[in-house]
Amino acid sequence: MSAHRRIVLIAIAGALIISASAPLVRLSGVSPATSALFRCAYAVPPMLVLAWLERRRLGPLPVKGALAAWAAGVVFALDLLFWHHAIDYVGAGLATVLGNLQVFIVAFAAWGLFGERPSARLVVSTPVVFAGVVLISGLFDSAAYGSDPAMGVLAGVATSLAYAAFLLLMKRGGAERAAGPLAHATVVATLTIAVLSPLFGGADFVPEWPAHGWLLLLALGPQVLGWSLITFTLPRQPAALTALLLLIQPMTTVALSAVALGERPSPLQLAGCAVIVLGVLYGSRRKPEPAAVPAGERAESSIG
């Protein structure tokens, strides 16, 4: 298996794991600010252990990487606060779809910031995937539901902007690391959410069970394991490709929400899931590298 294919599979595994985030938020039954706060707070201890092990192997995280991770932590806090409110407004499945419109922001921003010119396949597949996102979102579907769809869309768009900034900052400061930058970002996100929570409805700082059992699972699964896998892939492939692969998340979340929460996607939304799968599979493929020609054969061909 090629190195590129392994990186793609790791990114897909991370996306599948974080797809459980929104259903776990709904199952916890706590306020958006509370779920955002504790998913990060419970993730801090294991992330610090992973960061310490990584530091022993690779040395201290460079100052540039730490600063980028701190900035990423601030925007990740905003991402979670907006997104957890979107879950309240339009449900776990649709909120996750709306939050993943980041693919376009990341693709164009990475082109400008990192010189990562999108491949032809990525350019072709991006509008196809966006069409699938639109179908899932229920914009043209009378069967779509939600307590406040308009606010859900606004919160979802704000989530996408913060999500894109988080991915780009983590890529810029990653320096081939995963645990260190993510640990820094998680600590900063926890503190930022605690400070901003009064502006987002307030957080309950007293744990209650079984609600916090779901939040603990959210922290150890999607927050620690899922995001560690995704952070590992960010410096190793184009940011736009990672963003595209992350669109597997909303498709999977729609399915999980149907099973765990009784959210029933319409036929149009199911069609959108299929379109996203096809778009991601096509966009993640690369043309095979041309085989190296031995020097002797090159000389013979040039003579002929």
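Tabulated data
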{"item": "Scan of the range 54-71 for residues that are within 24 Å of the chain's Cα centre (by Cα) and exposed (fewer than 13 other Cβ atoms within 10 Å of the Cβ), ordered by number", "result": "K64"}
{"item": "Test for A131: is it surrounded by fewer than 17 Cβ atoms within 10 Å (Cβ to Cβ), of a type in the set (A, V, I, L, M, F, W, C), assigned to a helix (DSSP H, G or I) and modelled with pLDDT under 90", "result": "yes"}
{"item": "All positions within the range 1-47 that are more than 18 Å from S257 (Cα to Cα), among the β-branched types (V, I, T) and within 16 Å of the chain's Cα centre (by Cα)", "result": "I7, V8, I10, I12"}
{"item": "Residue list for the range 106-120, filter: assigned to a helix (DSSP H, G or I) and crowded, with 17+ Cβ neighbours inside 10 Å", "result": "V106, A107, A109, A110"}
{"item": "Residue match in the range 228-240 (condition: polar (S, T, N, Q), surrounded by fewer than 24 Cβ atoms within 10 Å (Cβ to Cβ), closer than 29 Å to A68 by Cα and modelled with pLDDT under 80)", "result": "yes"}
{"item": "Candidate set: the range 198-227, residues that are under 17 Å from H84 (Cα atoms) and of a type in the set (A, V, I, L, M); chosen: the one surrounded by the fewest Cβ atoms within 10 Å (Cβ to Cβ)", "result": "L199"}
{"item": "The lone exception for A144 - which of (1) under 18 Å from M251 (Cα atoms); (2) hydrophobic (A, V, I, L, M, F, W, C); (3) at pLDDT below 80; (4) not in a loop (DSSP other than H, G, I, E, B) it fails", "result": "(4)"}
{"item": "Matching residues in the range 38-94 - criterion: being among the hydrophobic types (A, V, I, L, M, F, W, C), at pLDDT 90 or above and in a loop (DSSP other than H, G, I, E, B)", "result": "A43"}
{"item": "So T192, is it part of a helix (DSSP H, G or I), among the hydroxyl-bearing types (S, T, Y), crowded, with 20+ Cβ neighbours inside 10 Å and under 16 Å from the mean Cα position of the chain (by Cα)", "result": "no"}
{"item": "Cβ pairs under 6 Å, 6+ apart, first in the range 34-52 and among the aromatic types (F, W, Y), second assigned to a helix (DSSP H, G or I)", "result": "F38/L215; Y42/L216; Y42/A219"}
{"item": "Residue in the range 73-85 that is farther than 16 Å from A22 by Cα, out of contact with any Leu (no Cβ under 7 Å at 6 or more places or on another chain) and free of Cβ contacts under 8 Å to residues at least 40 places away in the same chain present", "result": "no"}
{"item": "Search result, residues across the range 17-32 that are in a helix (DSSP H, G or I) and touching a Ser or Thr at 6+ places or on another chain (Cβ under 6 Å)", "result": "A22, P23, V25, S28"}
{"item": "Condition met for S266 (of a type in the set (S, T, Y) and under 30 Å from V187 (Cβ atoms))", "result": "no"}
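The values are calculated or read from the model by the stated rules, or taken from the named source; none is laboratory data. Quick caveat, the model's predicted, so the values are computed rather than measured. Methodologically, a virtual Cβ is constructed for each residue, glycine included, from the backbone with ideal geometry; neighbour enumeration extends over all protein chains shown.
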